[in-house]
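Chemist: Before we start, here is the structure in question, set down as structure tokens.
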Amino acid sequence: MKQVKFLHTADLHLDSPMVGLRHLPKAIFHRLQESTFKALKNITDAAIKHEVDFVVIAGDLYDAEDRSIRAQAVLRNEMNRLAEKGIRVYAIHGNHDHLGGNSVEIEFPDNVFFFKDKLSMESFSNKDGTRVHLYGFSYPERHVMERWIEKYERIAGADFHIGLLHGHNDGASEHGNYAPFRLAELLDKGYDYWALGHIHKRAILSEHPHVVYPGNPQGRNRKEQGDKGAYIVSLTESGSEVFFVETADVIWEEIMIDGKYAESFNDVYQLCLSSLDEKRKEGKGVLLAIHIDHLDSGLTEVKEKIDSGELLELLQDEENEEESFVWVHRLAYKEQIAANRGELIKQSDFYQDLFDTIEKYEDMSDALSPLFQHSQARRHLSGLEESEKDQLVLDAEKILLQLLMKK
């Protein structure tokens, strides 16, 4: 039976500068700086482990058009590892590492084929005689807005046909609208697999045939959350199968904690610690954002510890010494909404009298007179609009209810 197995990856963004993250501890920032290279090594390991016939890289191997010598050298070393196992590599350049950039280039081993700036087909045959036609092109410049999909054709003479395309699915994301296409256009080409790149969130657009964005193999900021990796793909005469392999060394995560039943600082602290344990991954680093929802508005001390950053520092303590660290980079909370008026009135007639008084309250002059009489404060005050007066009443009601609920 004719069959072939390959690894599909894209958007390596090697040597990404990790802009805006230098506030992280030195050891963690360095780990993040090296993470794109580590992800590449993990990709190579996966290709060797699963004994694939070849690897396809669907664009943006490098983060910038002036690709660094180091990034090229690391990529070449990994390609040499694949060459030693007889694994070929087919790659296209995308908008970040387009062919129009100025950079000193180094040579790659013979097992690596880079598609040029014209659409072309490259043929592959494995030991069993299965023949594959691979189609693709590299971006000649950064901004490629043409519908290159219209140039793809199926050339007879192969058992399987694979398209490589670094482009944008019309209307499906906010990414740059480069080399746009519609899913129907891909399916019309009659290919057995579409290896896509450009979108950093993995997605399977179709299963018959498979049309796949693998996402980037390493998240580089808080918007690129969750497990990152590549796909191992098997093509046979009966169809295709794919499965995901993780490659990221540092993972960005976000979690929501329900603080509804927290009654003290220790309760909140323990909830956060449990989240760290839940997200810890053996051998990997995690950059975690924690959002505490429904926090009792009466827990003034807890809110102060969060607002001042003290709880955050406590959670970060010693994490930068861990190989499998969970570093909380953001800690925020939302206060629990107080019971509505109807529920409180059912509890006691007192609340009915209280709300009646609030509804009839109009004259704020006595309450605000200390401010307007103060020699320094009155220089910064002017007459209040009706909307501002209404808001002051609402704020006062909220504070009063918080104090009552706390008691």
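Each reported figure results from applying straightforward, stated rules to the coordinates on display, with no laboratory input. Remember, it's a predicted structure, so these values are computed and weren't measured experimentally. Please note: Cβ atoms are built from the backbone with ideal geometry, for glycine as well, and neighbour counts cover all protein chains shown.
Chemist: Which of Val144, Ser297, Leu287 sits farthest toward the positive end of the charge dipole of the chain, with +1 on the Cβ of Lys and Arg and -1 on the Cβ of Asp and Glu?
Modeler: Towards the positive end, the residue furthest out is Val144.
Chemist: Can you spot the lysines whose alpha carbon is less than 23 Å from Lys151's alpha carbon? Ignore those fewer than 8 places along the same chain.
Modeler: The qualifying lysines are Lys116, Lys118, Lys189.
Chemist: Then there is this: Around Val286, which amide H atoms from residues at least 5 apart in sequence, or from another chain, sit under 5 Å from its own amide H, with H modelled in the peptide plane?
Modeler: Ile251, Phe325, Val326, Trp327
Chemist: OK, next. 7 Å from Cα along Cα→Cβ at both Gln270 and Lys49: what's the point-to-point distance in nm?
Modeler: 3.7 nm
Chemist: If you don't mind, there's one more thing I want to ask. Relative to the longest principal Cα axis of the chain, at what angle does helix 69-84 sit, 0 to 90 degrees, rounded to 10?
Modeler: 50 degrees
Chemist: Taking a ≥ b ≥ c as the square roots of the Cα gyration tensor eigenvalues, with a/c under 1.5 meaning rounded and otherwise prolate when a/b beats b/c, else oblate, which class fits region 42-171?
Modeler: oblate
Chemist: Hey, another quick one. To make sure I understand the rule: partners must be lysines, Cα under 20 Å from the Cα of Lys305, and not fewer than 8 residues away in the same chain. Which ones qualify?
Modeler: Candidates past the 8-residue exclusion: Lys260, Lys334, Lys406.
Chemist: Nearest 10 degrees is fine. How inclined is helix 386-406 to the longest principal axis of the chain, computing both from alpha carbons?
Modeler: 90 degrees
Chemist: Now, a different point. Project the alpha carbons of region 3-246 onto their principal axes and report the range along each, largest first, in whole Å.
Modeler: For region 3-246, the Cα spread along each principal axis is 54, 41, 34 Å.
Chemist: First obtain the Kirkwood hydrodynamic radius of region 188-340 from its Cα pairs, then insert it into the Stokes-Einstein equation at 25 °C and 0.890 mPa s, and state the resulting D in µm² per second as a whole number. Write out the running numbers ahead of the final one.
Modeler: Values: Rh = 18.0 Å.
For the chosen part, D equals 136 µm²/s.
Chemist: Grab every C-alpha pair in region 250-335, bin the distances at 5 angstrom width from 0 up to the longest one, and report whole percents.
Modeler: Pairs per bin, as whole percents: 3, 15, 29, 25, 15, 9, 4, 1, 0.
Chemist: Of the lysine pairs in region 1-112, how many meet both conditions: Cα atoms under 15 Å apart, and a spacing of 8 or more in sequence or different chains?
Modeler: So the count of such lysine pairs works out to 5.
Chemist: Report, in whole Å, the centroid distance computed from the Cα atoms of region 1-73 and region 306-332.
Modeler: 28 Å
Chemist: Next up: For the chain, set up a Gaussian network in which alpha carbons nearer than 10 Å are linked by springs, and say which option among Val52, Val19, Val328 fluctuates the most.
Modeler: Maximum fluctuation in the GNM of the chain, among the listed residues, is at Val19.
Chemist: Where nothing but the Cβ of Lys and Arg (+1) and of Asp and Glu (-1) is charged, how large is the charge dipole of region 78-143 around its Cα centre, in debye to the nearest 20?
Modeler: 260 debye
Chemist: For the chain, would you read off the P(r) tail past 34 Å as a percentage of all alpha carbon pairs?
Modeler: Roughly 48 percent, rounded to a whole number.
Chemist: In nm, give the distance between the simple-model label positions of Glu237 and Leu21, each being 7 Å from the Cα along the Cα-to-Cβ direction.
Modeler: Going by the 7 Å Cα→Cβ label model, 4.8 nm.
Chemist: If R₀ is 41 angstrom, what is the calculated FRET efficiency for the pair Arg222 and Asp353, using the beta carbon separation as r and rounding to 0.05?
Modeler: So the FRET efficiency works out to roughly 0.25.
Chemist: On to the next question. Taking the Cα centre of the chain as origin, work out the dipole magnitude from +1 charges on Lys and Arg Cβ and -1 charges on Asp and Glu Cβ, in debye rounded to 20.
Modeler: Once rounded to the nearest 20, the dipole reads 1420 debye.
Chemist: Sticking with this structure for a sec: Taking only Cα atoms, what is the 0 to 90° angle, nearest 10, from helix 265-279's long axis to the longest principal axis of the chain?
Modeler: In the chain, helix 265-279 runs at an angle near 10 degrees to the longest axis.
Chemist: Using every alpha carbon pair in region 11-112, what percent of pairs falls into each 10 Å bin from 0 up to the bin containing the largest distance?
Modeler: Calculated over all Cα pairs of region 11-112, the distribution is 15, 45, 30, 9, 0 percent.
Chemist: Suppose each label sits 7 Å from its Cα in the direction of the beta carbon; what would the Asp170-Leu404 distance come out to in nanometres?
Modeler: 5.9 nm
Chemist: Within 10 Å of each candidate Cβ there may be at most 12 other Cβ atoms; applying that plus a DSSP loop requirement, which trypsin sites (Lys or Arg not before Pro) in region 166-263 survive? It would help to have the intermediate numbers written out before the result.
Modeler: Details: sites: Arg182, Lys189, Lys201, Arg202, Arg220, Arg222, Lys223, Lys228, Lys260; in loops: Arg182, Lys189, Lys201, Arg202, Arg220, Arg222, Lys223, Lys228, Lys260.
Loop-located and lightly packed - Lys223, Lys260.
Chemist: Right, another one. May I ask which residue of Ile87, Gly59, Ala71 lies farthest towards the positive end of the charge dipole of region 58-105, with charges of +1 (Lys, Arg) and -1 (Asp, Glu) on Cβ and the Cα centre as origin?
Modeler: So the residue furthest toward the plus end is Ile87.
Chemist: At 222 nm, what helix-only mean residue ellipticity would the chain give, in deg cm²/dmol to the nearest 500, using -39500 (n - 2.57) for each DSSP H run of four or more? Mind dumping the intermediate values first?
Modeler: Details: 10 runs with 125 residues, N = 407.
Helix-only estimate at 222 nm: -9500 deg cm²/dmol.
Chemist: Which residue, Trp252, Ala262, Ser324, has the largest displacement toward the positive end of the dipole of region 250-335 when charges sit on each Cβ (Lys, Arg +1; Asp, Glu -1)?
Modeler: Going by the Cα projections, it comes out as Trp252.
Chemist: Got a sec? How would His294, His166, His23 order by Cβ neighbour count within 10 Å, fewest to most?
Modeler: The most exposed by this proxy come first: His23, His294, His166.
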